[in-house]
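Worksheet: one structure, shown below.
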Amino acid sequence: MGRKRPEAAVGRRAFIRNGAAGVGATALAGLAPRVVSAQETTWHREADVVVVGSGASGLPAAIRARDLGASVIVVEENFDVGGHGMISQGSVALGGGTSMQQRHGIEDSADQVYLENTRPDHVHTRYNDREVVRAFADHNVEAFDFLVENGVRFVDARPHRVPAEGAFTFRRQTVAPWSQDLNETINNTAGSGLMRALERSARAKGVEILLQHRMTRIVREEPLAGRVLGIACTDLDGGGEVNIRARQAVIACTGGSSSNLAVRTIYNPLLTEEYQVGCEPYSRQSGDAEQQGMAIGGSLGATNNMRTESYLALCKPLWIGCRYGYDRWKPGGPVFDKAGASGMAVSDYQDVILVNMLGERFYDETVGTHLFAMEGAHDPVFDYLAAALSSAVLEVDGVRHRVGGPIWAVFDADAAVREEWELRHPFVDSENGYFFQADTLEELAGRLTENAYQKHPMPPAALRATVARYNTFVDLGEDRDFGKPEPRYKLQKPPFYAAWATPILHDTYAGLRVNGRSQVLDVFGAVIPGFYCAGESAGGFALHGLGRAIVGGYIAGTNAAEEPTGA
Amino acid sequence: MGPVHRIALSLPEPIPPEVAAGARLALRIHATCPHGCDLGGLPVDVAADGEVLAAGELVSGADSPAAAVELDVPAPAQVGEHAWSVGFPRHASGGAVHESSSLTLRFRTVPHAGSLAVWDVPSPTPATGPVHVKVGVRCAAGCALAGRRVEVRDEAGASVGGGTLGETPWPGTSALYWASVELPAPAAEGVHSRTAVLVGPDAGPPHEAAPATFTFRAGKAPAHRATVRVIDEGTRAPVAGVEVRIGRYMASTDEHGVAQVALPPGAFEVAIRKNGFRAEPVRVAVDGDVAVEIEAATCPTQAELNERFFEEYPWG
């Protein structure tokens with residue numbers, strides 16, 4: 001079932017350096033909707049239910065609607081199915097008394113799931129929409145059984161409990177890996193065990209999946225009124241516009257909006273273009289559902305869930321010296337040419353200093369033993385991330401602005417030896433400006449503008465002064481600026497290096513406002529007939545992981561199939 | 001006499017106001033006759049104080065009325081204000097006379113930008129005996145700086161050491177020329193500051209580099225020796241390449257798993273570091289030579305831990 005990745009339209013360097021304009025990057029403009037009336041639309045394809053996206057929401061939605069008798073077309077912008085689910089570890093957080101929980105003696109209930117996800121005293125449950133969570137809780141067991149019936153094989157072991165998710169008492173399930181084939185799994189992650197099983201089931205049941213089709217517009221009877229009638233797509237493989245009529249409903253499952261600068265900065269204006277996104281460059285959190293949904297009158301919901309301390313929305317990179325430092329992209333995989341490099345793990349942050357785009361330290365580098373702010377603003381790494389997002393003060397026309405910008409890990413030749421780093425491709429990405437080497441610190445600072453996001457030159461004297469001051473802290477045995485515990489190593493031996501270490505965006509916790517049936521609501525709170533949304537593009541429910549996506553898709557598929565068939 | 005045409009000379013890319021002394025400038029010169037005459041093959045030159053620095057023949061423009069030539073001209077090696085004259089000599093042909101014409105170019109030559117690095121600064125360093133450091137200089141233009149002098153000055157600005165940059169750049173660098181510099185030990189314990197500077201005399205283009213200030217800690221004179229042996233807890237084999245830290249003092253184990261550190265008397269914590277190994281720190285009291293054996297247990301490397309990060313914690 002693995003797909004051969006089509007030849008890229010642009011080279012790797014162009015793909016990555018294009019930044020905001022790149023195919024897989026954070027496009028500010030997005031797809032501006034053309035105003036085309038329903039009467040003007042020529043339908044090229046037709047199905048009862050049209051699902052946008054083939055990830056952990058889209059495929060369950062499609063299969064469920066098909067099971068209930070609807071004909072289903074799925075459109076997917078990528079060259080393969082699965083979305084973020086494909087790159088996940090396949091850990092499906094479903095509770096409420098699933099058969100797996102029962103077999104391992106774990107007592108749980110739908111009420112328990114509901115209560116844990118509506119706690120007013122927890123950072124990632126306090127703003128959740130009660131109706132949405134109630135629906136989620138009531139469908140956990142059904143959704144688990146649905147996965148099993150559709151070929152998903154779970155590891156038969158006592159399910160895990162994620163300690164960091166302090167709100168939860170039930171334990172999660174783990175899906176068995178599907179394959180060790182890089183192309184089959186995309187990056188040797190167990191998420192393929194979930195997504196390939198669902199793909200196989202969907203195809204076997206007659207769901208049609210159109211790869212490399214990107215939704216460009218949602219067609220409603222009137223621009224801001226009436227039923228949703230279908231979607232317009234662009235065939236990214238050169239097939240032009242494809243309009244697909246949905247006789248019953250459109251279900252938008254486009255995976256959240258972290259990759260979409262225009263949408264993510266609605267929630268948090270600090271999330272500017274420089275931040276990389278987890279699971280890119282395989283799948284984007286495109287924001288298509290949010291943008292196109294808003295264009296036909298849809299409302300956003302529970303936007304406060306996307307504040308900075310939303311625990312899995314932002315993290316320190318696991319891998320530095322490359323653009324995509326959340327997953328370790330493996331050479332030989334189908335998207336490695338876009339990833340550029342695998343990156344390097346930092347075994348001890350005593351070996352590097354982290355500086356902002358102006359060459360200034362801004363926080364204790366050693367903070368962040370677990371990369372995410374699991375406990376929100378109470379977690380030390382939250383303070384690090386909050387500092388990183390506004391670490392630099394730029395003076396423009398006499399006015400000072402506090403901004404984010406790239407974060408660089410700066411180190412010397414001795415540090416590279418201590419860390420046992422191999423400073424070459426495929427471990428670091430020099431070609432695209434995510435890793436630099438220079439004879440002196442001044443030369444290093446001068447080179448950084450080769451990075452597309454280093455918009456302002458790093459003052460060479462500033463970097464030198466920062467390092468000299470830090471080296472003195474090593475002599476003193478104390479960091480008098482940021483309290484790094486016993487700074488241990490000087491940065492002194494040439495060559496000097498700078499590796500991209502900018503924070504990473506991950507989950508989307510806000511999106512189109514939906515009700516408990518996964519129907520999208522407009523800005524007045526009314527249902528938009530025939531329009532559903534599930535997964536990370538649906539607002540109202542901040543819960544990390546596959547469980548929310550799967551259950552939301554299952555609910556949407558169930559209700560979409562019950563919609564009246566349009567004339 | 002036929003009609004007289006006045007030639008217009010121009011540079012499509014103006015000469016920068018500041019140019020590194022001795023740098024070579026590629027001057028693209030355009031010459032245009034307002035009457036559309038083809039100036040291809042006619043000479044132009046660049047001169048200073050009457051001396052021709054470069055000359056060439058114009059080439060007819062394919063898509064432009066201007067004929068053009070690119071001349072490679074060395075900027076003066078001396079720092080200061082300069083004026084060059086682009087000259088087109090009088091020429092008569094086809095019944096027309098092209099008047100001589102000139103264009104004056106004014107610019108300033110500045111020193112080459114350099115930058116310094118100071119490394120292998122021992123810290124703590126004994127309060128007795130000399131301190132050896134390395135000082136390197138890189139020219140932004142990549143000049144070979146062998147033979148240039150560097151100097152190290154104390155907090156009062158007095159020279160306390162110096163050296164001559166060697167012939168070969170520091171390994172791993174492209175053009176960092178370096179010297180080993182011996183410095184006298186400071187008289188007192190504590191953190192001391194020194195400043196390395198690039199000094200003359202300059203043979204060739206002048207260079208300017210911001211001074212590089214560095215610090216080091218002067219400690220008590222070592223009176224004892226600690227011998228630390230690191231072995232693999234499981235195989236009992238010695239572990240080489242382990243960083244051994246005894247307080248602020250550091251050394252690496254050799255192929256026998258042994259590191260030796262000279263220490264003053266005192267109580268210290270002994271810790272090790274090597275990717276893939278771990279051991280709890282131990283405390284030692286040093287009032288004579290001591291020997292410490294550390295059994296290090298193997299553990300996953302950070303890269304391995306990162307790889308397992310998502311597998312062992314079911315994030316999603």
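The values are calculated or read from the model by the stated rules, or taken from the named source; none is laboratory data. Values in this document were obtained by computation on a predicted structure and should not be read as measured data. Because the Cβ atoms are built from the backbone with ideal geometry, glycine has one as well, and the counts that use them run over all protein chains shown. Keep in mind that these areas ignore ligands, DNA and RNA; they rest on the heavy atoms of the full protein, side chains included. Shrake-Rupley method; radii C 1.70, N 1.55, O 1.52, S 1.80 Å.
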> Of all residues in the stretch B:117-152, how many are among the hydrophobic types (A, V, I, L, M, F, W, C), part of a strand (DSSP E or B) and in contact with a Gly (Cβ under 7 Å, 6 or more places away or on another chain)?
Replying inline: 6
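Quick one: which of A:Glu149, A:Glu165 is out of contact with any Phe, Trp or Tyr (no Cβ under 6 Å at 6 or more places or on another chain) and either hydroxyl-bearing (Ser, Thr, Tyr) or modelled with pLDDT of 95 or more (or both)?
Among A:Glu149, A:Glu165, only A:Glu149 is out of contact with any Phe, Trp or Tyr (no Cβ under 6 Å at 6 or more places or on another chain) and either hydroxyl-bearing (Ser, Thr, Tyr) or modelled with pLDDT of 95 or more (or both).
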> Mind checking which residues of the stretch A:437-461 are open to solvent by 20 Å² or more (accessible area, probe 1.4 Å), more than 9 Å from every other protein chain (Cβ to nearest Cβ) and farther than 20 Å from B:Pro211 by Cα?
Replying inline: A:Arg447, A:Thr449, A:Glu450, A:Ala452, A:Lys455, A:His456, A:Pro457
> Taking the stretch B:153-176, which residues are within 14 Å of chain A (Cβ to nearest Cβ) and part of a strand (DSSP E or B)?
Replying inline: B:Leu176
> Looking at the stretch A:69-111, which of its residues are within 14 Å of A:Val52 (Cα to Cα) and among the β-branched types (Val, Ile, Thr)?
Replying inline: A:Val72, A:Ile73, A:Val74, A:Val75, A:Val81
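So, in the stretch A:354-365, of the ones that are of a type in the set (A, V, I, L, M) and crowded, with 24+ Cβ neighbours inside 10 Å, which residue ends up farthest from the other protein chains (Cβ to nearest Cβ)?
Among those that are of a type in the set (A, V, I, L, M) and crowded, with 24+ Cβ neighbours inside 10 Å, it is A:Met357.
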> Within the set of pairs 6 or more residues apart or between chains, which connect a residue that is charged (D, E, K, R) inside the stretch B:1-15 to a residue that is surrounded by fewer than 14 Cβ atoms within 10 Å (Cβ to Cβ) with Cβ atoms less than 8 Å apart?
Replying inline: B:Arg6/B:Pro34; B:Arg6/B:Glu99; B:Glu13/B:Arg28
> What about A:Gly255, is it modelled with pLDDT of 90 or more and open to solvent by 20 Å² or more (accessible area, probe 1.4 Å)?
Replying inline: yes
> Which members of the stretch A:168-192 meet the condition of being in a loop (DSSP other than H, G, I, E, B), within 12 Å of chain B (Cβ to nearest Cβ) and at pLDDT 75 or above?
Replying inline: A:Pro177, A:Asn187, A:Asn188, A:Thr189, A:Ala190
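Results for (1) open to solvent by less than 30 Å² (accessible area, probe 1.4 Å); (2) closer than 15 Å to B:Val137 by Cα; (3) touching a Gly at 6+ places or on another chain (Cβ under 6 Å); (4) facing chain A (nearest Cβ under 10 Å), shown as yes or no for each residue.
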{"residue": "B:Trp178", "(1), (2), (3), (4)": "no, yes, yes, yes"}
{"residue": "B:Glu182", "(1), (2), (3), (4)": "no, no, yes, no"}
{"residue": "B:Gly200", "(1), (2), (3), (4)": "no, yes, no, no"}
{"residue": "B:Ala210", "(1), (2), (3), (4)": "no, yes, no, yes"}
{"residue": "B:Phe214", "(1), (2), (3), (4)": "yes, yes, no, yes"}
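To keep it simple, each residue is scored yes or no on (1) open to solvent by less than 30 Å² (accessible area, probe 1.4 Å); (2) in contact with a Phe, Trp or Tyr (Cβ under 8 Å, 6 or more places away or on another chain); (3) within 21 Å of B:Arg283 (Cβ to Cβ).
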| residue | (1), (2), (3) |
| --- | --- |
| B:Val197 | yes, no, no |
| B:Gly204 | no, no, no |
| B:His207 | yes, no, no |
| B:Arg229 | no, no, yes |
| B:Gly241 | no, no, no |
| B:His256 | no, no, no |
| B:Pro265 | no, no, yes |
> For the stretch A:525-543, does any single residue satisfy the condition of being open to solvent by 20 Å² or more (accessible area, probe 1.4 Å), more than 14 Å from chain B (Cβ to nearest Cβ) and in contact (Cβ under 8 Å) with a residue 60 or more places away in the chain?
Replying inline: yes
>> Between B:Phe309, B:Phe268, which is out of contact with any Ser or Thr (no Cβ under 7 Å at 6 or more places or on another chain), in a helix (DSSP H, G or I) and within 14 Å of chain A (Cβ to nearest Cβ)?
In response: B:Phe309
> If we keep just the residues of the stretch B:227-258 that are of a type in the set (D, E, K, R), touching a Gly at 6+ places or on another chain (Cβ under 9 Å) and part of a strand (DSSP E or B), which is farthest from A:Phe473 (Cα to Cα)?
Replying inline: B:Asp232
> Quick check: is even one residue across the stretch A:496-513 at the interface with chain B (Cβ under 9 Å from one of its Cβ atoms), outside any helix (DSSP H, G or I) and modelled with pLDDT of 95 or more?
Replying inline: yes
> Which is under 30 Å from B:Ala8 (Cα atoms) and touching an Asp or Glu at 6+ places or on another chain (Cβ under 8 Å), of B:Val131, B:Val86, B:Val97?
Replying inline: B:Val86
>> For the list (1) more than 24 Å from the chain's Cα centre (by Cα); (2) outside any helix (DSSP H, G or I); (3) of a type in the set (Ser, Thr, Tyr), I need the number of the one condition that A:Thr118 fails.
In response: (1)
> Taking into account only those residues within the stretch B:102-150 that are open to solvent by less than 50 Å² (accessible area, probe 1.4 Å) and among the basic types (Lys, Arg), which is farthest from the other protein chains (Cβ to nearest Cβ)?
Replying inline: B:Arg148
>> Please go through the stretch A:380-435 and give me each residue that is open to solvent by 10 Å² or more (accessible area, probe 1.4 Å), in a loop (DSSP other than H, G, I, E, B) and either within 15 Å of A:Asn356 (Cβ to Cβ) or not hydrophobic (A, V, I, L, M, F, W, C) (or both), ordered by number.
In response: A:Ser390, A:Ser391, A:Asp397, A:Gly398, A:Glu420, A:Glu422, A:Arg424, A:His425, A:Pro426, A:Ser430, A:Glu431
> Do you know which residues across the stretch A:100-131 are surrounded by 17 or more Cβ atoms within 10 Å (Cβ to Cβ) and within 15 Å of A:Ala542 (Cβ to Cβ)?
Replying inline: A:Val113, A:Tyr114, A:Glu116, A:Asn117, A:Thr118, A:His122, A:Val123, A:His124, A:Thr125, A:Tyr127, A:Asn128, A:Asp129
> Using beta carbons and a limit of 7 Å, which pairs, at least six apart or on different chains, have the first residue in the stretch A:483-510 and more than 30 Å from A:Ser88 (Cα to Cα) and the second one aromatic (Phe, Trp, Tyr) and part of a loop (DSSP other than H, G, I, E, B)?
Replying inline: A:Pro494/B:Trp170
> For A:His84, all conditions in the list (1) at pLDDT 80 or above; (2) more than 30 Å from A:Asn187 (Cα to Cα) hold save one; what is the number of the exception?
Replying inline: (2)
> List pairs: first in the stretch A:41-56 and free of Cβ contacts under 8 Å to residues at least 12 places away in the same chain, second crowded, with 24+ Cβ neighbours inside 10 Å and outside any loop (DSSP other than H, G, I, E, B), Cβ under 7 Å, 6+ apart or cross-chain?
Replying inline: none
> Scanning for something more than 13 Å from chain B (Cβ to nearest Cβ) and touching a residue at least 60 places away in the same chain (Cβ under 8 Å), does the stretch A:462-479 turn up at least one residue?
Replying inline: yes
> In the list A:Ala289, A:Ala249, A:Ala232, which residue meets the criterion of being touching a helix residue (DSSP H, G or I) at 6+ places or on another chain (Cβ under 8 Å), open to solvent by less than 10 Å² (accessible area, probe 1.4 Å) and part of a strand (DSSP E or B)?
Replying inline: A:Ala249
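Does A:Thr502 satisfy the condition of being touching a Pro at 6+ places or on another chain (Cβ under 6 Å) and at negative phi?
Spelling it out, A:Thr502 is indeed touching a Pro at 6+ places or on another chain (Cβ under 6 Å) and at negative phi.
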